[in-house]
Amino acid sequence: MTTTLKSLQTFIAVYETRNFSQAAEQLFISQPTVSTQIKQLETDLETILFTRNGRQAIQPTASGKLLYQQAQKLLETWNATKAAIQSTKVATPTICRIGASHTTASLILPKLLTRLATLSQQFKFEITLANSADILTQMTQHHLDFGLVEKPLVTDQLDRLAFAQDELVHAGQPTSPLWLLREPNSGVRHYTNAYLKAQNIRPAQTMIIHSNQLIADLLAQGIGQTIISKHVLAPNVPTVALGPNYQRQFFMLTPTTLNPALKTIQATISTNLQNWNATSPHDQIR
């Protein structure tokens, strides 16, 4: 029996990406190494784990699907065992990686991180800001432990908790030819495109900015117009309400098989989000 934990990790990467090359890039190893490890697994288990059809994406067999479920449990048990052994040594903080979309970062992170800062002796926090689609990608690739987004993203590997609502408005100078736009994959950009199409608007000038806060700062200086969360705006920025079609839900994403060492953080974040929902968003950021 030559199966190793590394082979199982490689198998999981191939299963989730459905592609040997992408799995190799994700694991920082060569594609031949990936192929060899998968072949060795199939030899050890005396079964076929993936069906291959030329250059098309591979598909897991029934055996592959079963192994994926069991491999996650095995790696979770191994990580818990390592954590238990390491706890007998000098205590080191557990890494907790939180990803937030730009809107949730502005509205939710200030209060949340203030609460989490009290746990910094036990946990080392790493915060990533990106659009909702990128947060989902990083979580499915196990690069993040928690995600805060404003899009109803769905995947079998993650659990989703709805916790609050946001309202988008038309903000800024309505006569300005300059539209301040978020990047194409962001949630706000989706609503902006829908608004422009519905109003038959073709902006004469555009500026793409990967930051809600920077857009809000420009609007506060009287520069441009856009669709944006009303809760990130300065009081002097003119706004026009857009109705219920421009209200959206916030979500917390967590892995279905969360590292047991992070259960405390999960409970803390969940409690904080419930409290956030009970108060005005302006109270969270003013």
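The values are calculated or read from the model by the stated rules, or taken from the named source; none is laboratory data. The model shown is predicted, which means the values in this text are computed figures rather than measured ones. Glycine also receives a Cβ, built like all others from the backbone with ideal geometry; neighbour counts cover every protein chain displayed. Just the protein is used for accessible areas: all its heavy atoms, side chains included, with ligands, DNA and RNA removed. Shrake-Rupley method; radii C 1.70, N 1.55, O 1.52, S 1.80 Å.
Quick check on the stretch 19-62: of everything there that is part of a loop (DSSP other than H, G, I, E, B) and among the polar types (S, T, N, Q), which residue is nearest to the chain's Cα centre (by Cα)? Step through it out loud before you land on a result.
Taking the stretch 19-62 and keeping what is part of a loop (DSSP other than H, G, I, E, B), we get 19, 28-30, 46-49, 52-58, 61.
Next, only the ones that are among the polar types (S, T, N, Q) stay: 19, 30, 47, 53, 56, 61.
Details: 19: 21, 30: 27, 47: 35, 53: 31, 56: 27, 61: 28 Å.
This residue is 19.
Against the conditions (1) over 13 Å from residue 272 (Cα atoms); (2) open to solvent by 20 Å² or more (accessible area, probe 1.4 Å), residue 147 satisfies every one except (2). Residues in the stretch 161-190 that are open to solvent by less than 50 Å² (accessible area, probe 1.4 Å) and either over 18 Å from residue 216 (Cα atoms) or touching a strand residue (DSSP E or B) at 6+ places or on another chain (Cβ under 9 Å) (or both): 19 in all.
Scanning the stretch 112-162 for residues that are at pLDDT below 90 and among the basic types (Lys, Arg), we see that the one that is nearest to residue 212 (Cα to Cα) is 151.
Which of the residues that make up the stretch 157-176 are polar (S, T, N, Q) and part of a strand (DSSP E or B)?
At the first step, the residues of the stretch 157-176 found to be polar (S, T, N, Q) are 157, 165, 173, 175-176.
Matches in the stretch 157-176: 165 only.
Restricting attention to the stretch 127-171, which residues are of a type in the set (Phe, Trp, Tyr) and farther than 22 Å from residue 69 by Cα?
Filtering the stretch 127-171 for residues of a type in the set (Phe, Trp, Tyr) gives 146, 163.
Residue satisfying the conditions is 163 alone.
Reported count of residues in the stretch 126-144, each being open to solvent by less than 50 Å² (accessible area, probe 1.4 Å) and not in a helix (DSSP H, G or I), is 4. When the residues of the stretch 211-256 are filtered to those that are surrounded by 14 or more Cβ atoms within 10 Å (Cβ to Cβ), part of a loop (DSSP other than H, G, I, E, B) and not hydrophobic (A, V, I, L, M, F, W, C), the one that is modelled with the lowest pLDDT is 211.
Mind checking which residues of the stretch 163-180 are at pLDDT 90 or above and either more than 23 Å from residue 196 (Cβ to Cβ) or out of contact with any helix residue (DSSP H, G or I) (no Cβ under 6 Å at 6 or more places or on another chain) (or both)? Selection gives 170, 173, 174, 175, 176, 177, 178, 179.
Can you report the number of residues in the stretch 217-236 which are closer than 21 Å to residue 165 by Cα and touching a residue at least 40 places away in the same chain (Cβ under 8 Å)?
We begin by selecting, within the stretch 217-236, every residue closer than 21 Å to residue 165 by Cα; these are 226-235.
Okay, now just the ones that are also touching a residue at least 40 places away in the same chain (Cβ under 8 Å), so 226-233.
The number of residues fulfilling the criteria is 8.
Scanning the stretch 181-196 for residues that are assigned to a helix (DSSP H, G or I) and within 16 Å of the chain's Cα centre (by Cα) turns up 187, 188.
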